[in-house]
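Chemist: Here you go, one structure.
The values are calculated or read from the model by the stated rules, or taken from the named source; none is laboratory data. None of these values were measured; they are calculated from a predicted model. Neighbour counts run over all protein chains shown; Cβ positions are idealised from the backbone, glycine included. Note: areas computed on protein heavy atoms with side chains; ligands, DNA, RNA excluded. Shrake-Rupley method; radii C 1.70, N 1.55, O 1.52, S 1.80 Å.
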Amino acid sequence: MKFFIDTANVDDIKKAYDLGVISGVTTNPSLIAKEGKNFNEVINQITSIVNGPISGEIKATTDKTEDILNEARKISAIHPNMVVKIPMTKNGLKAVSILSKEGIKTNVTLIFTPIQALLAASAGANYVSPFIGRLDDISNNGMKLVSDIVSIFNVYNINSKIIAASIRNPIHVLECAKIGCDIVTVPYKVICQLIKHPLTDEGIKKFKDDYLKSINN
Ligand code: E4P
């Protein structure tokens with residue numbers, strides 16, 4: 001399973017990328033807005049840090065197929081690593097199907113049912129993004145969604161990669177790894193939680209104390 005980082009914060013992306021475990025980035029309009037910079041500025045900075053797929057989403061106000069296509073072509077032209085993130089709508093699917101024939105990579109986002117994922121893959125999406133946390137938030141089972149998509153894609157040998165998104169905690173990441181999800185896109189805070197364990201910290205402290213005692217004897 002690959003790890004992507006889910007943020008538009010350039011400092012966090014740099015810190016996570018330097019760990020050597022991150023192979024891609026996902027952003028969305030809310031994450032970009034949080035940074036108070038414009039889309040191109042943030043995306044250009046990210047492309048200079050990470051050498052891997054970078055998802056940049058079309059504007060939240062772009063909904064006609066023709067407009068999605070125009071914007072997608074511009075996003076894709078920013079850098080060869082760009083993947084155009086497009087919400088799961090009828091017009092979005094039409095655009096994905098045309099873009100896939102042009103060789104433009106797409107990530108269909110806001111996936112909340114397995115069949116939405118299957119339709120996105122059928123239209124030619126390179127990536128599909130099921131949202132775990134937002135389903136859990138409404139007392140649904142986000143992990144069940146991802147595991148159903150993994151099973152269906154395995155049955156039909158579907159090549160679209162599954163990016164488990166809306167990750168809220170280390171358990172989501174563990175469960176995704178166990179079921180064979182292709183990618184998890186993880187906020188920086190959760191990446192830090194994945195690294196830490198109280199027994200690791202305690203062990204380091206004990207080794208340090210014992211080492212210092214031994215050299216002072
Ligand atoms: C996916 O690519 C989205 O950017 C993201 O994972 C959404 O997460 P949220 O539900 O925490 O906003």
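Chemist: Among Thr62, Thr47, which is away from the ligand (no atom under 16 Å from the Cβ), in contact with a His (Cβ under 8 Å, 6 or more places away or on another chain) and open to solvent by less than 80 Å² (accessible area, probe 1.4 Å)?
Modeler: On inspection, the qualifying residue turns out to be Thr47.
Chemist: Going by the structure shown, is Ile158 within 9 Å of the ligand (Cβ to nearest atom), under 22 Å from Leu93 (Cβ atoms) and modelled with pLDDT of 95 or more?
Modeler: No; evaluated as a whole, the condition is false for this residue.
Chemist: Anything in the stretch 11-22 that is open to solvent by less than 70 Å² (accessible area, probe 1.4 Å) and more than 16 Å from the ligand (Cβ to nearest atom)? List them, or say none.
Modeler: Tyr17, Gly20
Chemist: Which of the following residues is without any contact (Cβ under 8 Å) to a residue 60 or more places away in the chain, touching a helix residue (DSSP H, G or I) at 6+ places or on another chain (Cβ under 7 Å) and surrounded by fewer than 18 Cβ atoms within 10 Å (Cβ to Cβ): Lys94, Lys74?
Modeler: Lys94
Chemist: Okay, moving on. Of these, Ile111, Ile115, which one is of a type outside the set (S, T, N, Q) and open to solvent by 60 Å² or more (accessible area, probe 1.4 Å)?
Modeler: The match here is Ile115.
Chemist: Looking at this structure, is Asn217 surrounded by fewer than 10 Cβ atoms within 10 Å (Cβ to Cβ) and either more than 16 Å from the ligand (Cβ to nearest atom) or closer than 25 Å to Ile22 by Cα (or both)?
Modeler: yes
Chemist: Can you find a residue in the stretch 105-116 that is touching a residue at least 12 places away in the same chain (Cβ under 8 Å), more than 13 Å from the ligand (Cβ to nearest atom) and farther than 23 Å from Leu145 by Cα?
Modeler: Looking through the stretch 105-116, at least one residue is touching a residue at least 12 places away in the same chain (Cβ under 8 Å), more than 13 Å from the ligand (Cβ to nearest atom) and farther than 23 Å from Leu145 by Cα.
Chemist: Take Ala72 and decide whether it is modelled with pLDDT under 95 and of a type in the set (A, V, I, L, M, F, W, C).
Modeler: So Ala72 does not fit the description; no.
Chemist: Kindly indicate the residue of the stretch 126-148 that is touching a residue at least 40 places away in the same chain (Cβ under 8 Å) and not aliphatic (A, V, I, L, M) and also farthest from Phe4 (Cα to Cα) among those meeting that condition.
Modeler: Asn126
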